[in-house]
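Report on one structure; see the data block that follows.
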Amino acid sequence: MSFCSFFCAEVFRDHFKPGIYACSKCEYQLFSSRSKYKHSSPWPAFTETIHKDSVSKHEERPRIFKVRCGKCGNGLGHEFVNDGPAKGLSRF
């Protein structure tokens with residue numbers, strides 16, 4: 001499954017079938033469906049990446065990071081530290 005092209009309605013927001021979510025540009029593995037959870041944002045929400053280098057991050061504000069594909073640099077959105085479904089988890 002490829003995602004992270006947010007030009008129209010995000011088709012994977014309510015998609016919870018088992019699988020791997022990959023970059024829409026280079027197909028690099030980013031997130032597993034095991035780390036996906038329901039969230040009020042209009043985009044899919046995950047608690048962790050598949051690999052340490054699945055994404056690169058650049059701090060925009062305290063506890064908010066701009067996130068890009070770790071392979072091709074495609075913009076993926078943000079990581080919100082301590083805003084996941086449980087205490088101490090981030091939300092991508």
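The values are calculated or read from the model by the stated rules, or taken from the named source; none is laboratory data. Predicted, not measured: the structure shown is a model, and the values here were computed from it. Don't worry about glycine lacking a Cβ; one is built from the backbone with ideal geometry, like all the others, and counts go over all protein chains shown.
All told, Phe65 meets the bar of being buried (at least 18 other Cβ atoms within 10 Å of the Cβ), more than 18 Å from Gly19 (Cβ to Cβ) and among the aromatic types (Phe, Trp, Tyr). Residues that are among the β-branched types (Val, Ile, Thr) and either at pLDDT 95 or above or more than 13 Å from the chain's Cα centre (by Cα) (or both) within the stretch 65-92 comprise just one, Val67. The numbered conditions (1) buried (at least 19 other Cβ atoms within 10 Å of the Cβ); (2) in a loop (DSSP other than H, G, I, E, B) are all true for Phe31 except (2). Inside the stretch 42-59, residues that are farther than 15 Å from Tyr21 by Cβ and surrounded by 12 or more Cβ atoms within 10 Å (Cβ to Cβ) make up a count of 2. Consider the stretch 74-90 and keep the residues that are assigned to a loop (DSSP other than H, G, I, E, B) and in contact with a strand residue (DSSP E or B) (Cβ under 7 Å, 6 or more places away or on another chain). The one that is surrounded by the most Cβ atoms within 10 Å (Cβ to Cβ) is Gly84.
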